[in-house]
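The values are calculated or read from the model by the stated rules, or taken from the named source; none is laboratory data. Because the structure is predicted, anything quoted here is derived from the model rather than measured. With ideal geometry, Cβ positions are generated from the backbone for all residues, glycine too; neighbour counts draw on all protein chains shown. Just so you know, the surface numbers come from the protein's heavy atoms only, side chains and all, with ligands and any DNA or RNA stripped out. Shrake-Rupley method; radii C 1.70, N 1.55, O 1.52, S 1.80 Å.
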Amino acid sequence: MSILFANVDYIAEDFSIKHGFVLVEDSTISALTEDDPRANPAFSKEGVRIIEGKNRLLMPGLYNIHTHIPMTLLRGYAEGLSLHDWLNTKVFPFEELVTPEMALPASELAIAEMLRFGVVSFSDMYNFNKERAEAVRTSGIKANLSYGVASFDPEERYEDMPQKAEVEELVRTYHNTCDGRLKIDAYVHSEYLSNPYIVEAVGEHAQELGVHTHIHLSETQSEHEEAKGRRGGLTPTQYFDSLGFFAQPCTAAHAVWTEPEDWQILAARGVSVAHNPCSNAKLGSGIAPISGMLAAGVNVGLGTDGVASNNNHNIFKELYTAALLAKARELDASLLTPTQALALATVNGARSQGRANAGLLKVGAAADLLLVDTSGPWMQPTHNQLNNLVYSAQGTDVYMTLVDGKVLYEDGEWKTIDVERVASQTSKAASDIARVL
Ligand SMILES: [Zn+2]
């Protein structure tokens, strides 16, 4: 199946707006032209779907590089608490009652929400591996699913934990399956839910297996400062680095309280930072210093975090919030331009997941695309399409989402997910749990 986007405005590789024709064949973008390819007698129209581009903008798909999809069960469950209280008094007791039968529809619901808002790939840290992988497989979305360790015991060893064999099994079963859509990463939850033996061992294991890693890093001020006390003055970044953990590509979520010396390490080791501006603001954690990180050369992408602390899987919200908060934090309106913000949401996300040739509109790149409806009153007039996209567009302006050239969402219809069913199953599961707590 081929798709020709005809007479369409699109965001080119250099983030300029171009107008023309974009041809998708199988899973890749095969042509970007000014002239109509249909004028060429050699062009076969057979099996080509034509999509007219009037009042639409074609752009690279969005990446959500930090979330916890089964936590969709907790959307709106606990509000007004700081991270520590929220986790210990509300989230952990709720999560203990989640079953695999509940995690599957909750994961599918999360994916439906992401596809609705133009997300083509996500990085997820959680358990319920079979269910998450199944939801990725059947939905057609791309994902880096991470699994690993959260430990409260300072003496516990990775070798003695079931996770080691489970990660191996996961990598064997799922890594690079679904035509490469599904990847497995290894996680260490954070500095505070691990110990040096575990950090070192998981890092080595990831190296052996050739997979990426995922961590939470310096999310709150107390976490960052207490870590220094525990680790002989080392910040969490310096601590992970001292244990060799960054030898493999890593995505570090939050980095709100990282310091300038940390940014040098993150940049030098090629660690990607998942910036979650909405979740960080909502939990009162702070505003991550992404302008400093970007200036230091750190690859920064965007994440929603789980919707228990957001409360959407909507990268358009993160784009807008990131662009505003970068300026508010440093009292400088010139920071995080629309072009930079869009790079965070697209190509930087692809890079963090180890997906080459993705996140940009160019010939040969993966056809992970979204078509945005630009006809809404809030999108007029158009002095600058990128400005409108970052500051005015709504997630619901997404008309169509394609992954590997396949249409997964179009004009109110999900092609691979029965949203009514998964929403009602998730709602029932959520109220069953809430009732007994
Ligand atoms: Zn998280």
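Within region 135-158, the set of residues being within 18 Å of the chain's Cα centre (by Cα) and either farther than 22 Å from Thr251 by Cα or not in a strand (DSSP E or B) (or both) comprises Ala135, Val136, Arg137, Ser139, Gly140, Ile141. The single condition among (1) touching an Asp or Glu at 6+ places or on another chain (Cβ under 8 Å); (2) surrounded by fewer than 24 Cβ atoms within 10 Å (Cβ to Cβ); (3) at negative phi that Met293 does not satisfy is (1).
Before we move on, is Met114 more than 16 Å from the ligand (Cβ to nearest atom), among the hydrophobic types (A, V, I, L, M, F, W, C) and out of contact with any helix residue (DSSP H, G or I) (no Cβ under 6 Å at 6 or more places or on another chain)? No; evaluated as a whole, the condition is false for this residue.
A quick yes/no check of all residues on (1) within 16 Å of the ligand (Cβ to nearest atom); (2) open to solvent by 10 Å² or more (accessible area, probe 1.4 Å):
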| residue | (1), (2) |
| --- | --- |
| Val307 | yes, no |
| Leu325 | no, yes |
| Glu330 | no, yes |
| Ala343 | no, yes |
| Thr346 | no, no |
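For region 282-295, the candidate set comprises residues that are more than 16 Å from the ligand (Cβ to nearest atom) and among the hydrophobic types (A, V, I, L, M, F, W, C); within that set, the residue that is farthest from Leu109 (Cα to Cα) is Ala295. When each of Asp368, Asp373 is tested for being among the acidic types (Asp, Glu) and farther than 27 Å from Gly297 by Cα, the lone residue that passes is Asp373. Would you confirm whether any residue within region 77-90 is closer than 25 Å to Glu223 by Cβ, crowded, with 21+ Cβ neighbours inside 10 Å, within 16 Å of the ligand (Cβ to nearest atom) and of a type in the set (Gly, Ala, Ser)? The answer is no; no qualifying residue exists. Among residues of region 29-44 that are hydroxyl-bearing (Ser, Thr, Tyr), those with a beta-carbon under 9 Å from a residue that is open to solvent by 70 Å² or more (accessible area, probe 1.4 Å) and modelled with pLDDT of 95 or more at least six positions away or on a different chain give the pairs Ser30/Val363.
Of the numbered criteria (1) open to solvent by 10 Å² or more (accessible area, probe 1.4 Å); (2) under 19 Å from Ser291 (Cβ atoms), the one Gly354 fails is (2). Looking only at region 111-139, count how many residues are open to solvent by 10 Å² or more (accessible area, probe 1.4 Å), free of Cβ contacts under 8 Å to residues at least 60 places away in the same chain and of a type in the set (D, E, K, R). Final tally of qualifying residues: 3. Might you check whether a residue that is part of a loop (DSSP other than H, G, I, E, B) and either open to solvent by 10 Å² or more (accessible area, probe 1.4 Å) or modelled with pLDDT of 95 or more (or both) occurs anywhere in region 162-170? Looking for residues that are part of a loop (DSSP other than H, G, I, E, B) and either open to solvent by 10 Å² or more (accessible area, probe 1.4 Å) or modelled with pLDDT of 95 or more (or both), one finds none in region 162-170, hence no.
Within region 117-128, restricting attention to residues that are within 13 Å of the ligand (Cβ to nearest atom) and aromatic (Phe, Trp, Tyr), the residue that is nearest to Leu408 (Cα to Cα) is Phe122.
Filtering region 390-437 to residues that are without any contact (Cβ under 8 Å) to a residue 24 or more places away in the chain, among the acidic types (Asp, Glu) and more than 28 Å from Val98 (Cα to Cα) leaves Glu410, Asp411, Glu413.
Taken as a whole, the structure places Val298 among residues that are away from the ligand (no atom under 16 Å from the Cβ) and within 24 Å of Ala186 (Cβ to Cβ). Is one or more of the residues making up region 259-268 among the acidic types (Asp, Glu), more than 16 Å from the ligand (Cβ to nearest atom) and open to solvent by less than 30 Å² (accessible area, probe 1.4 Å)? Checking region 259-268: at least one residue is among the acidic types (Asp, Glu), more than 16 Å from the ligand (Cβ to nearest atom) and open to solvent by less than 30 Å² (accessible area, probe 1.4 Å).
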